[in-house]
1. Based on this model, can you work out whether residue B:126 counts as within 9 Å of chain A (Cβ to nearest Cβ), free of Cβ contacts under 8 Å to residues at least 60 places away in the same chain and not aromatic (Phe, Trp, Tyr)?
2. I'm trying to understand the selection: among the residues of segment A:235-288, which are hydrophobic (A, V, I, L, M, F, W, C), open to solvent by 10 Å² or more (accessible area, probe 1.4 Å) and not in a helix (DSSP H, G or I)?
3. Can you give me the ranges of the helices (runs of 4 or more DSSP H) entirely in segment A:1-99 with at least 2 residues that are of a type in the set (Asp, Glu) and under 30 Å from residue B:131 (Cα atoms)?
4. Need a quick list: strands (runs of 3 or more DSSP E) entirely within segment B:376-451 having at least 2 residues that are surrounded by fewer than 20 Cβ atoms within 10 Å (Cβ to Cβ).
5. Can you go through B:118, B:122 and tell me which one is in contact with a helix residue (DSSP H, G or I) (Cβ under 9 Å, 6 or more places away or on another chain), assigned to a helix (DSSP H, G or I), assigned by TED's automatic domain parsing to the domain that holds residue B:52 and surrounded by fewer than 24 Cβ atoms within 10 Å (Cβ to Cβ)?
6. Out of all the residues in segment B:38-58, which are among the hydroxyl-bearing types (Ser, Thr, Tyr) and in contact with a Ser or Thr (Cβ under 9 Å, 6 or more places away or on another chain)?
7. Of these, A:195, A:206, which one is at pLDDT 90 or above and open to solvent by 40 Å² or more (accessible area, probe 1.4 Å)?
8. Could you pull out the residue among A:140, A:120 that is surrounded by fewer than 19 Cβ atoms within 10 Å (Cβ to Cβ), closer than 30 Å to residue B:168 by Cβ, away from chain B (no Cβ under 14 Å) and among the aliphatic types (A, V, I, L, M)?
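The values are calculated or read from the model by the stated rules, or taken from the named source; none is laboratory data. Just so it is clear, the structure is predicted and the values come from calculations on it, not from any experiment. Heads up, the Cβs are rebuilt from the backbone with ideal geometry, glycines too, and the neighbour counts pull from every protein chain shown. Note: areas computed on protein heavy atoms with side chains; ligands, DNA, RNA excluded. Shrake-Rupley method; radii C 1.70, N 1.55, O 1.52, S 1.80 Å.
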Amino acid sequence: MNIFYLPRRDAITLAVFALVVLTMPVWLVPFGAAYPGLMQKFAIFAIFAVGYNVLFGLTGYLSFGHAAFLGVGSYTAVWTFKLMTMNVIPAMIFAVIVSGLFALAIGFVSLRRSGIYFSILTLAFAQMCYNLAYSVLTPITNGETALQLTMNDPRVLDLMFSERGAGLPSPSLLGQGMSGIEAFYVVAVVLLIAFYIAQKIFVSPFGMMLRAIKSNQTRMHYTGFNTRPYALTAFVISGMYAGLAGSLLAATDPLAGAERMQWTASGEVVLMTILGGVGTLIGPVIGAWLIKYFENIFSGFNDAMLHHTFSWLPQGAQDVVVAITSKFVGEGWQLSLGLIFVLVVVFLPGGVMEGIRRFSSLFRNRREPGPTGALKTSPAE
Amino acid sequence: MTLLKRGLTRRRVLQTGMAGIIGSGVAPLMFTKGAWAQEFCNNPTGDTVTLGFVMPLTGAYADEGADQQRAFLLAVEHLNGEGDGGLLPTFSSKALKGNGILGKKVAYVTGDDQTKSDAGRDAARRMIERDGAIMISGASSSGVAIAEQALCQEMGVIYMAGLTHSNDTTGKDKKRYGFRHFFNAYQSGTAIAPVLGEAYGKDRRAYHLTSDYTWGWTQEESIKNATEAMGWETVAAVRTPVGAGDFSQYITPVLNSGADVLILNHYGFDGVNSLTQAVQFGLRDRQANGKDFQIVLPLVSDLMAQGAGEAIKGIYGTANWDWQLDDAASGAFTRSFGAKYGQPPSQIAQTSYVQALLYADAVERAGTFYPPEVIKALEGFEFDGMGNGQTLYRAEDHQCLKEVLVVQGRENPSTTFDVLQTVQKVGRDVADYDASIFEGELGPYDAALCA
């Protein structure tokens, strides 16, 4: 049997997903989000969320410390740029390896407990990593100022073949510059590969084992399975995904700051997954896009833009509408995001994906069973 | 049947889609940049020119960011010839006519940097890539300013730094495309040390609490060097995280450290919190080494002073500008700002406003938006009438050289805004220093194509 084989349904999902991702520069235009900087973020955080979902969605282990691996990936990538070469491939490889090792160490300890204790352990480790990066290891991480490239970095491999240029070098892929829309396509292709691997994991016997851990770990023990190696593998895989995302953040913008590892960043990926739909493949991606969209677009609105938008209203009404809406945009973007999150969790516990499913079932006139059955609510651990 | 059904669905999708677009107000933001060739990044081809303002609207410096935003909006108004013209009449360069920049109306976009480098760079990229901003200005944290400045150098867009006081901004991390009007920690040290020596004596023992990032580090170093040179001793220097909120765990050890001066290298809410807590702990009522215990806040702003309330009384610090200065320009700016917002401007408002005007003026004098020419127009530019006396934009490191103010918290403020008094104006010749004491390189002039 071909190892690249995917069930037909998943193959269609992948094809549709690829189409959606690669045509982003077109369909994001009306949303004011079709610029490379944000589209790169969309793709990168989608990778992060997909990887996180391998752990949280399949095994049910709620990790509150995944931003640590993202940060480790970023730092590794920037150091690879500084010490070896501006090529992004070594940076990605090293970032995945190093964050995988971190995940192995942290997962080995944290997975001795489950439920809330596991969450707290991962949170503690992530906060330790953050504080190390922020103040203790400042020679390596440059603290709050963030690690950046400098003119006199060693860059051993690059300088064997070429002279130092006048300005700062920028990351490249096999001689191709990694900037603007090209960088988006590179990141998008990486996202598709990452998504495909996640699909393979979901349908594999290994994925089945992880789902079994989620539904009833005790029964697994009674039937003679040692679940910890499986959970640890899932933890390491999702840590590597996070490291990959971190390295891509550095590749598209060669800077690594400690705030990437803060607990709020770890919480953000949990929000992404829940907002989109836990345990589904597409859900976390949608969640990641929604959150990044709010963060980048809503925070950029100001009163002048609102007045422009509502200029069709009579003057008095316009002022009132602007006064109300301005609380939800600009510095208030987190308020509107919070509202949406509350609404989704209360009315659509399965996230946006559940909304989409309900919506499509309206048109089909009959209820179809869920695609994989993985979406059924399972008892909390 | 299926055909009909599909048609209906699609129409419905289109309708809801359009309603969503109009309803959520994104329609005016549609991506309009064409595919024509540009000879440099974001060459303004229409009848407007877009400036990008990135400010900390959330985070430890949010107060400062709010005032910064007010100043930028005021600057745009004055550049477009609306309002009372602000500093345009007092500015020594008469290139600006109040008809926009090079006849193009000034438009602007704003963004929140959350007092974080990543968020700041994201916002700046949005402005450069989507909104076609020709210049980025803002930041009130040096970490963010340095990160944004590096991005702007890469993208080939001029960066007019807001409030950034770290020596690194125009030192180790200086960039050809980055410019700073604000003064720096080194100048603070030069200015404040003699005043402290006079007031507190030359045999003091100082304890530093320092914000743990580029600004804190360089200010600690500068103040340490300047005070040690006149005979003070440094007992300890402790780093605190930005946005810590509670500083009690850092203040308690000060009590038994043998120090008799506490130097707070904190800014924004951090400065307000650490100062208030230090006063609440009774530090100022203590005696140490037979002297009255003193607290110094080397970089202080009106906003912090207002936030600290009682605690600021008698505290020494330095400032870039104060609204109570009696020159014509400071008066004009304070009137203009007060008329619009009903409160006097803080120093961050002044530096941000002036930066926006200086950029516009440089473009007018260069006669083009082409960044290398604008940079050359700013480098070595000598001007007056902006509230800081005679000022030079030094070509070697893009640092403005001008007067530095040593200020003190007023004992009996007459209004809530009358919180700082200027103790001494330290002349430009004293605050001047050799640019080569800091390493770093400006980099090339080449205009990038937005990448």
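1. Details: within 9 Å of chain A (Cβ to nearest Cβ): yes; free of Cβ contacts under 8 Å to residues at least 60 places away in the same chain: yes; not aromatic (Phe, Trp, Tyr): yes.
Criteria met by residue B:126.
2. Answer for segment A:235-288, where residues must be hydrophobic (A, V, I, L, M, F, W, C), open to solvent by 10 Å² or more (accessible area, probe 1.4 Å) and not in a helix (DSSP H, G or I): A:278, A:281, A:282.
3. Values: elements: A:8-22, A:24-27, A:36-59, A:67-83.
No helices (runs of 4 or more DSSP H) qualify here.
4. Values: elements: B:391-393, B:404-409, B:420-426.
Here the list reads B:420-426.
5. On the way: B:122 fails: surrounded by fewer than 24 Cβ atoms within 10 Å (Cβ to Cβ).
From the options B:118, B:122, the qualifying one is B:118.
6. Narrowing segment B:38-58 to residues among the hydroxyl-bearing types (Ser, Thr, Tyr): B:45, B:48, B:50, B:58.
Result: B:58, single match.
7. Details: A:195 fails: open to solvent by 40 Å² or more (accessible area, probe 1.4 Å).
Matching residue, one of A:195, A:206: A:206.
8. On the way: A:120 fails: closer than 30 Å to residue B:168 by Cβ.
Matching residue, one of A:140, A:120: A:140.
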